[in-house]
Amino acid sequence: MSLKLYNTRTRSVEAFAPLDPPRVRIYVCGLTPSAQAHLGHARSFLFFDLLRRYLIHLGFAVTYVQNVTDIDDRSIEAAIATGTDWRAIVQSYYVSFKTSMKRLGVREPDREPFATQFVPQICATIARLIEGGYAYVARDGVYYDVRRFDGYGRLSNRKLDELEAGARVEVGEFKRDPLDFALWKFAKPGEPSWPSPWGDGRPGWHIECSSMSHEILDPEGRGFDIHGGGADLIFPHHENEIAQSEPLMAHPPMANVWVHGGLLLFDSRKMSKSLGNFEPLADLLDRYDPQAVRLLFLQTGYSKVMNFTEESAAAANTALRRLQASWRKMHAAAGGPPLAIGKPPAPAALLERVERALDDNMNTSLALSELYAWPVDSAALGRDRAALQAALGEFSYALDLLGLTPDSSWLEEPRAELPADFFDRLRIALRAAQGDAAARVELDGADAEEAIARVIAARMQARATKNWAESDRLRDALARCGVVLEDSKEGTTWTIAV
RNA sequence: GGCGACGUAGCCAAGUGGUAAGGCAGAGCUCUGCAAAAGCUCCAUUCGGCAGUUCGAAUCUGCCCGUCGCCUCCA
């Protein structure tokens, strides 16, 4: 068994083999922080985080690089429009993005290069392209001469002439060919700029990825293992990266395997900065458990177009709660251990099944179904503590492998926020209950938890005397305030209704 | 117009030649004073439509219908 991945470059599923085992070098196109990150970003980076986790699990020495394109036209436009410094805009979107990634449990990249920190190297790459005849200096910048590169269009399966037909040239550009793209843009007055041999300016989009991946992952020009990004980057971004990189390489291709994540639709429409039809990721993560968002994405094949709806997110949230409850139950039955997550010893039945699924081009949907089945299977172990602990250890490890890492919050019943008008509602509900004991429940001086505890205590008294009507009235009163009671042998617990 | 993806139960979704995983929702049962939670059981004779290939098709081929994406900044 071994990992197979769909390679956009060859348009086929291939056995994954590192160029220089056990090293695996991955470059993923990161964020351009000129607007709020959205759920589509989350889907993409969540997937590459998963791929990285799995490669590490398989024993590879992974170097994961994810860039930040911290200079582009849009952040400059935004700066001019709002009268702020472009750096402040970039910084604020970047910080927000990093916070969201952290909440989603996406691990930090091994390297996170910023375009503006690599300007000298970018200029060196441009100089080499000019020397080789692949680029030329025009009035408003330095351009890549697309006609000079034979392989142009191969990744995206496009023919130059067909592209030409639909191409547009923007006013004020001085390209030789409509498909030529900027490597360096000369600065207009007031725009941020860096010095270059051709004139002060800034890097064009695309060149930073060619230059930085070369510097960090592949200084010898022999290629690295995996290049990733969203499917919308195939053309023109990745096509252009290849055009910029491969003519300068000793041994192309630039990347052995190109992996692209499917786009996310929001209410059946494409999310994009220009359409503006998206909710900022940071806001969305306030409404949904980040692990539920991860679970939602695990349910769909990574390369498929996926439609986000509130309904699907809510369903994923319920599924996560059940998974957590199953884990919690196993944890209790096994009598611990605490949350340490370690690779289970072979033979590991669950892990083998999960591996079989992930090996098949990261079939997370299938892997998830194995996870759901595991607690049920493990129930057959009865009271064999050692066996239960082993099963739990394996379960935790497999969950963590998929990024659904059990943490201390998994040990506790989930507890949502009480409604803001909880006390008012409780008073009204208790008054409506009318019973003798209900009238005696004293709420003064109690916080919400204490108030609930007092109602539960009153109900326990009622139950002790088999006053079921009173008991049910008190339970219903709490239910009207969004508090659901659960009786068990250990006593009565409460949760907040979703 | 060129390139591409997709259409599987009420909803989401896996499965790419051997007789339909899983999740959510729903139903029944067990447990419970009654509930809730949990566990068990059930829930597509069928995979957009029509032809064809085959012993056998959701899977392959052709045509048709429908949805979406890329070709312009995008994860």
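The values are calculated or read from the model by the stated rules, or taken from the named source; none is laboratory data. All figures in this text were calculated on a predicted structure; none of them were measured in a lab. Positions of Cβ are generated from backbone atoms using ideal geometry, with glycine treated the same way; all protein chains shown enter the neighbour counts. The accessibility values were calculated without ligands, DNA or RNA, using every heavy atom of the protein model including side chains. Shrake-Rupley method; radii C 1.70, N 1.55, O 1.52, S 1.80 Å.
Scanning region A:61-84 for residues that are in contact with a helix residue (DSSP H, G or I) (Cβ under 6 Å, 6 or more places away or on another chain) and not small (Gly, Ala, Ser) turns up A:62, A:64, A:65, A:67, A:69, A:70, A:71, A:76.
Could you please let me know if residue A:39 is among the hydrophobic types (A, V, I, L, M, F, W, C), more than 10 Å from RNA strand B (Cβ to nearest atom), closer than 23 Å to residue A:306 by Cβ and in the same structural domain as residue A:213 (by TED's automatic domain parsing)? No: the conditions fail for residue A:39. Checked against (1) out of contact with any Ser or Thr (no Cβ under 9 Å at 6 or more places or on another chain); (2) outside any loop (DSSP other than H, G, I, E, B); (3) at pLDDT 95 or above; (4) surrounded by fewer than 17 Cβ atoms within 10 Å (Cβ to Cβ), residue A:124 passes all but condition (1).
The listed residues are A:380, A:333, A:387, and the only one of them that is more than 8 Å from RNA strand B (Cβ to nearest atom), open to solvent by 40 Å² or more (accessible area, probe 1.4 Å), touching a Leu at 6+ places or on another chain (Cβ under 7 Å) and assigned to a helix (DSSP H, G or I) turns out to be A:333.
Which residues, counting only those in region A:357-367, are in contact (Cβ under 8 Å) with a residue 12 or more places away in the chain, near RNA strand B (Cβ under 6 Å from one of its atoms) and not hydroxyl-bearing (Ser, Thr, Tyr)? Once the filter is applied, which keeps residues that are in contact (Cβ under 8 Å) with a residue 12 or more places away in the chain, near RNA strand B (Cβ under 6 Å from one of its atoms) and not hydroxyl-bearing (Ser, Thr, Tyr), region A:357-367 yields only A:363. State yes or no: is residue A:340 near RNA strand B (Cβ under 8 Å from one of its atoms) and either in a loop (DSSP other than H, G, I, E, B) or without any contact (Cβ under 8 Å) to a residue 24 or more places away in the chain (or both)? No; evaluated as a whole, the condition is false for this residue.
Within region A:468-496, being within 9 Å of RNA strand B (Cβ to nearest atom) and either assigned to a loop (DSSP other than H, G, I, E, B) or surrounded by fewer than 18 Cβ atoms within 10 Å (Cβ to Cβ) (or both) holds for A:468, A:469, A:472, A:479, A:484, A:486, A:487, A:488, A:489, A:492, A:493, A:495. Restricting the first member to region A:212-232 and to residues that are free of Cβ contacts under 8 Å to residues at least 40 places away in the same chain, and the second to residues that are part of a loop (DSSP other than H, G, I, E, B) and open to solvent by 10 Å² or more (accessible area, probe 1.4 Å), the beta-carbon pairs closer than 8 Å and six or more apart or on different chains are A:220/A:250; A:221/A:249; A:221/A:250; A:221/A:251; A:232/A:263.
Criterion applied to A:79, A:35 was being open to solvent by less than 40 Å² (accessible area, probe 1.4 Å), at pLDDT below 95 and more than 29 Å from residue A:158 (Cβ to Cβ), and the one residue passing it is A:79.
Of the residues examined, residue A:130 is not one that is surrounded by 13 or more Cβ atoms within 10 Å (Cβ to Cβ) and touching a helix residue (DSSP H, G or I) at 6+ places or on another chain (Cβ under 6 Å). Against the conditions (1) away from RNA strand B (no atom under 12 Å from the Cβ); (2) over 15 Å from residue A:143 (Cβ atoms), residue A:186 satisfies every one except (2). Only one of the numbered conditions (1) in a loop (DSSP other than H, G, I, E, B); (2) more than 16 Å from RNA strand B (Cβ to nearest atom); (3) farther than 30 Å from residue A:286 by Cβ is violated by residue A:108, and that is (3). For residue A:474, the conditions (1) in contact (Cβ under 8 Å) with a residue 24 or more places away in the chain; (2) within 29 Å of residue A:340 (Cα to Cα) are fulfilled apart from (2). Taking region A:1-65 and the strands (runs of 3 or more DSSP E) fully enclosed by it, the elements with 2 or more residues that are among the hydrophobic types (A, V, I, L, M, F, W, C) are at A:12-15, A:23-31.
Restricting attention to region A:258-276, does a residue exist that is within 16 Å of RNA strand B (Cβ to nearest atom), crowded, with 20+ Cβ neighbours inside 10 Å and under 30 Å from residue A:130 (Cβ atoms)? There is at least one residue in region A:258-276 that is within 16 Å of RNA strand B (Cβ to nearest atom), crowded, with 20+ Cβ neighbours inside 10 Å and under 30 Å from residue A:130 (Cβ atoms). The set of residues in region A:238-257 that are within 11 Å of RNA strand B (Cβ to nearest atom) and over 14 Å from residue A:27 (Cβ atoms) comprises A:239, A:240. Only a single item in (1) more than 20 Å from residue A:221 (Cα to Cα); (2) within 14 Å of RNA strand B (Cβ to nearest atom); (3) out of contact with any Lys or Arg (no Cβ under 6 Å at 6 or more places or on another chain) is not met by residue A:141, and it is number (3).
For region A:215-237, the candidate set comprises residues that are of a type in the set (Gly, Ala, Ser) and near RNA strand B (Cβ under 6 Å from one of its atoms); within that set, the residue that is surrounded by the most Cβ atoms within 10 Å (Cβ to Cβ) is A:229. Of all residues in region A:445-467, those that are more than 19 Å from residue A:419 (Cα to Cα) have Cβ atoms under 6 Å from Cβ atoms of residues that are in a helix (DSSP H, G or I) and more than 12 Å from RNA strand B (Cβ to nearest atom), 6 or more apart or on another chain, in A:458/A:437; A:462/A:437.
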